[in-house]
1. Can you sort B:M326, B:M144, A:M80 from fewest to most other Cβ atoms within 10 Å of each residue's own Cβ?
2. Is there a simple number for the mean count of other chain Cβ atoms within 10 Å of the Cβ of residues in A:96-106, and what is it?
3. Suppose the chain between B:T343 and B:T79 were pulled fully straight at 0.36 nm per residue; how much longer would it get relative to their current alpha carbon spacing?
4. Only helical DSSP H runs with n ≥ 4 go in: add -39500 (n - 2.57) per run for chain B, normalise by residue count and round the 222 nm mean residue ellipticity to 500 deg cm²/dmol.
5. Please give the net charge around B:K232, taking every other residue with its beta carbon less than 15 angstrom from that of B:K232, where Lys and Arg add +1 and Asp and Glu add -1.
6. For a test of the definition: using alpha carbon positions, the gyration tensor, and the 1.5 limit on a/c, classify the protein assembly as shown as rounded, prolate or oblate.
7. How big is the Cα convex hull of segment B:177-247 in projection, averaged over all directions, in nm²?
8. Taking the Cβ of B:M47 as the centre, find all other residues whose Cβ is under 11 Å away and add up their charges (Lys, Arg: +1; Asp, Glu: -1).
Amino acid sequence: MKYKVALAILSLSCSVSSNAETSHACNNETISSSALELKQQDRRLVITPKPQDEPVGKLFSLEIQICDDDSVVTKVKAVMPAHGHGMNYRPKVNQLAEKSYQVEGLLFHMPGVWLLTIETKSQGTRTKFQSELLIKP
Amino acid sequence: MKPFALVLFSLLVCFGFAQPVVGQEKVEFTVSELAFIQSHGPWPPKMEPDPSNRFSGEPSASAWGQQLFQDVRLSQAQTLSCASCHDPDRYFADGKARSTGTSTVDRNAIALADLRLNRWFGWAGQSDNLWAQSIHPILDRREMNATVETIVQRVRQESDLAANYTAIIGKGPKEEEPLRLLVNIAKILAAYQETIRTPTSAFDLMRTRLLEDEMISEDAAVLAGLKLFVGKGKCSLCHFGPNFTNGEFHDIGLPYFIESGQVDQGRYGGIRDLKASAFNRLGEYGDEPAESAAQAPTAFVSLQHRNWGEFRVPSLRNVSKTAPYMHNGTLASLEDVVRHYSTIDIERLHADGETILKSLDLTKQEIANLVAFLKTL
């Protein structure tokens, strides 16, 4: 079997994968095809990593679009459950517009499965969205 | 991940790959292992100038920086230079466990090469840029032991230094504010150090042939060592990418103590020093636009208890030429390093730290294989 062919096939799959449902929903005009939709009961949000490639060992940001209500994003963190550690960086959450946020300062310093957690608050109700991200080498 | 891609991925993992090698032995690489092998190149990667240093990438600056790197006038007693511990004839290390300036320091002189790929500098990452890191040994009382006043006086009074300063900086040293003069000298030193590069290695050539499915002639031991590195050993998780480092910090079970009663805080102290430094990328001495500096990792790095005893993951390029190893130079050979990971005492690691490290329990042959591979880097 040819390695070149195999690696080319691998590279066709997106660099960030998730067990969450990938969606173009929320706002088709502004959300890219690499976005991930995260759901928690009747609430949902869409995240888009920027840049979308080579996330290992490089600072990147996330755009978060709140879809269904007036929640505000209060916290974003990521851990590697299998390794027992989180990121070495504390992301900063900036509100860009109503229901739209940018999170700066994320860095996945290892390939593998990272558990991303986004916490939101709406009228005293806190919601925790989580998604496993497979970060490939 | 799309269902189609998932199915293909699963199939490829199940089948794996067989790689014929010299003789009767075979080393097989899984798709996952091949992906890690691919991630270790290509070499060299593109290295952009340092945005925080306006002299970065300037040939005249790096040429003067090379002279300054070996200039003992940057030390108080005029007996030591940067090259005293970062010896060009020793791959910019010194071969000692702990280096000696005016007296013995706490850590090993890390080999200087490919520095534009660094996010952090020094074993504890106390600097987020190379020019700030270059100030440390000049002023450290156990290293070159100079003062700002000494450097200013010498650059102003020594005719060759003053002439070079004026020509390259564009301003006479007597017109310069003292601290800014020191920073400029450090930026010139950094402009030179950035030009120190490691060449294409035997591994790089092997990687290309492996990924292109060409016939390879490496020893079975080298390939078996590579498989351990990217597979069972999980070395690639921290020694990641083309430069064989993820640029971050880990506790690998080495002693906390420098000497009896004296602890090396490692990354914990490094972050505190970084945040307190006037010379980090968020400060006034860098040359990059404010919006660029605001995206520097220093703006986001977080101090955590587990940072105690963590040290920066070094690049493994040229590793066979830069013994002894680890931040305190306590491991004399690559065999010692591999044995350390093979028999690591996980009880020694932080209770709140990461759980990546397990003792690998390698056989004598596996240790030899891993060392054979490391020698190709």
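1. Result, fewest neighbours first: B:M326, A:M80, B:M144.
2. Shielding by partners across A:96-106 averages 1.
3. Working it through step by step, the gained length comes to 90.8 nm.
4. -11000 deg cm²/dmol
5. Here the count lands on -1.
6. It is oblate, given that a/c is not under 1.5 and a/b is not larger than b/c.
7. Value for segment B:177-247: 6.8 nm².
8. -1
Every read-out reported here was derived from the displayed coordinates using simple, explicitly stated rules and does not represent laboratory data. Keep in mind the model is a prediction, meaning the values are calculated, not measured. Glycine gets a Cβ as well: all are built from the backbone with ideal geometry, and neighbour counts include every protein chain shown.
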